[in-house]
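Structure first, commentary second.
The values are calculated or read from the model by the stated rules, or taken from the named source; none is laboratory data. These figures come from a predicted structure and were not determined experimentally. With ideal geometry, Cβ positions are generated from the backbone for all residues, glycine too; neighbour counts draw on all protein chains shown. Remember, those area values only see protein heavy atoms, side chains included, never the ligands or the DNA or RNA. Shrake-Rupley method; radii C 1.70, N 1.55, O 1.52, S 1.80 Å.
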Amino acid sequence: MNSNDTSEQVLALVPPELHKYLTVHSKNTTGNSTERYGPKNITEMRRAIDRMNDAQTIYNEDIFGPVQNDTIIIAIQVHTRLTYLRHLIVSLAQARDIDKTLLIFSHDYYDEEINSLVRSIDFTKVMQIFYPHSIQTHPNEFPGIDPNDCPRDAKLQQAIKLRCNNALHPDLHGHYREAKYTQTKHHWWWKANRIFNQLQCTAGHTGMVVFLEEDHYVAEDFIHMIHLLIATRDKACPHCEILCLGTYLKTYQYHSTADKRKKQIALSYIQQVRAVSEERRRRQENWNYQVYPNLYGSTQKVEITPWHSSMHNMGFAFNRSVFQDIVSLHEQFCDYDDYNWDYSLLHLSQNRPGRDKFKVILCKGPRVFHIGECGIHHKKSNCNASVVIGKVQKLLLEARPHLFPARVTATISSGGAKHNKKLTKGNGGWGDLRDRELCSNMTRVGRQMKKYFYA
């Protein structure tokens, strides 16, 4: 067991029967490596991906029954961080009613160890889909890295002299595309189109699709909370398009209100958090959220507020009718100069003709947590996954008496001024016309007939 993968303290909080999902096989690369190497034969890899995408196999369907139109689908975007994926699977395995869902793992990296882990899941129905335009399968051509692509920092006139690809269209900051960043937005968009508009098993699906990523961790009552949020939406906010179960926690701790001394510490901590939040507001840094005691109880609070990308992009869910609205405005998503899928979705939300921004119903006490310390946007020197995973496990252990609330109470919020401010420009990275065209073409692929392959 690699010390960077799963510590003894973390294993102690995992039921023994689930340790099988945490078994690490000896390899030359670490479990969280983002530079894992797959099969050398690109042609064979592409064929395998096409074959599995065509087959649309649902594992364990014979045990748990077919997908129904109201089945909750949990869509998980997977890259290469195997350690985090293992713990997400462990958390999903412990969720009540998980056997009534369909897990769809969407991969942009073909790896036999990851595939073996996913196919070993035995607690619910599972499907794998593979993003077919990945850097891995197109290493020397678009949408990977074409040898004739313009250097990221080339100046416009220099690029024109080089006659490199897309020389006339740098992004709004004057930079040229980087495939490792554009891939994430492409993958998310392809995955959503694939699930709602292309799979046979979702042809009549009207239920919720919950979006997770490989470095998320769920509470055991997250499915229960989805049903409560749906009931709240139907009663208090029929026009709310999005449900959200998670948000970003800077510090993972749970204060018991029964202990006066801890309560005093909590109040002191709240004051500190407010000061830090004010500093972040001035610096316009990422928004973070802290769990307070009153967020978990027999009656818990949910908030109805305008949807904002950086606050409500984790563990969020919507149904087919919402996605149809999104696809009808796909130009707002695909042509927006921002390599982030969530900010592109926010831009779309803010530019719906004659309509307000998306509304979200948000769990004030999160049921989805971010455990990823390392990745495309996180370059911390200490990337020990066990540290954050252990903190989340302990938080949920202490909060357990307050999970599965009988009901929730909804409050309406207009959102802060910062989060209602209309986007004027994106973060860049999406100036290449090829990226925009690929993105738009993904909406034009129709539903595919399921194919069966026999050895």
| field | Partners for LYS180 among aspartates and glutamates (Cα-Cα distance below 15 Å; same-chain residues under 8 apart left out) | value | GLU35, ASP108, GLU141, ASP146, ASP149, ASP338, ASP432, ASP435
| How much area per residue is accessible in the range 70-199 when the probe is 1.4 Å and only protein heavy atoms are counted (Å²)? | 34 Å²
| In square angstrom, rounded to the nearest 10, how much accessible surface does VAL387 have for a 1.4 Å probe? | 70 Å²
| What are the residues whose amide H is under 5 Å from the amide H of LYS301, where those residues sit 5 or more places off or on another chain and H is modelled from the backbone? | LYS364, GLY365, THR409
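Between HIS173 and ASN441, what length in nm is gained on full extension when 0.36 nm per residue of separation is reduced by their alpha carbon distance?
Values: separation 268, 0.36 × 268 = 96.48 nm, distance 2.55 nm.
In short, 93.9 nm is gained.
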| task | Quick one: which residues, 5 or more positions from SER106 or on another chain, have an amide H under 5 Å from its amide H? H modelled 1.01 Å from N in the peptide plane, none for Pro or chain starts. | result | ILE76, GLN77, VAL78, ILE129
| query | Mind checking which aspartates and glutamates have their C-alpha under 13 Å from LYS422, skipping anything on the same chain fewer than 8 residues away? | reply | ASP356
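Starting with the highest mean, order 164-170, 146-152 by the number of other Cβ atoms within 10 Å, averaged over the residues of each peptide. Don't jump to the answer; show the numbers that get you there.
Working: 164-170: 17.6, 146-152: 16.0.
Result, highest mean first: 164-170, 146-152.
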| remark: With x for Gly and Pro, the residue-by-residue ³J(HN,Hα) of the range 74-84, computed from phi through the Karplus equation 6.51 cos²θ - 1.76 cosθ + 1.60 at θ = phi - 60° and given in whole Hz, is 10, 9, 10, 7, 10, 10, 10, 7, 5, 4, 4
| task | Quick one: what are the phi-derived ³J(HN,Hα) couplings along the range 324-337, Karplus 6.51/-1.76/1.60 with θ = phi - 60°, whole Hz, x for glycine and proline? | result | 4, 5, 5, 5, 5, 10, 4, 4, 5, 7, 6, 9, 7, 6
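Do any of LYS185/LYS425; LYS185/LYS301; LYS191/LYS235; LYS235/LYS357; LYS100/LYS191 go past 23 Å between their Cα atoms, and which?
On the way: LYS185/LYS425 17 Å; LYS185/LYS301 32 Å; LYS191/LYS235 31 Å; LYS235/LYS357 20 Å; LYS100/LYS191 21 Å.
From the list (LYS185/LYS425; LYS185/LYS301; LYS191/LYS235; LYS235/LYS357; LYS100/LYS191), the Cα-Cα distance tops 23 Å for LYS185/LYS301; LYS191/LYS235.
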